[in-house]
Amino acid sequence: MEKNPSKTFNKEVVENATICISNLGSVGGIAVNPLIIGEQCCHASIGKTRDLPASLNGQFSKQNVVDITLGCDHRVLDGASVARFALTWKQLS
């Protein structure tokens, strides 16, 4: 994995990537529709963590919530596999 030391975004940074992960939470973003660029098969974007009310076992409490959005090339990945991956990722939290 190579980092982007210049902290700039341009075509050359992502054009040969297989998977791209964008941390828009670091700039206060919540959610975005990630775009597949070039040869990528998946682009995941991670939003900022927010405290929201949530129900757990019938009780409401404040929970940390983060939006994670996946954009996938269906020529490479089928929707069922992506859904299983997303569910597994959710269960890790």
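Since every read-out is calculated from the coordinates, none of them should be taken as a lab result. Note that the structure is predicted; figures quoted are calculated from it, not measured.
Here the gap between residue 81 and residue 66, fully extended at 0.36 nm per residue and compared with their Cα-Cα distance, gives a gain of 3.3 nm. Here the gap between residue 52 and residue 89, fully extended at 0.36 nm per residue and compared with their Cα-Cα distance, gives a gain of 11.4 nm.
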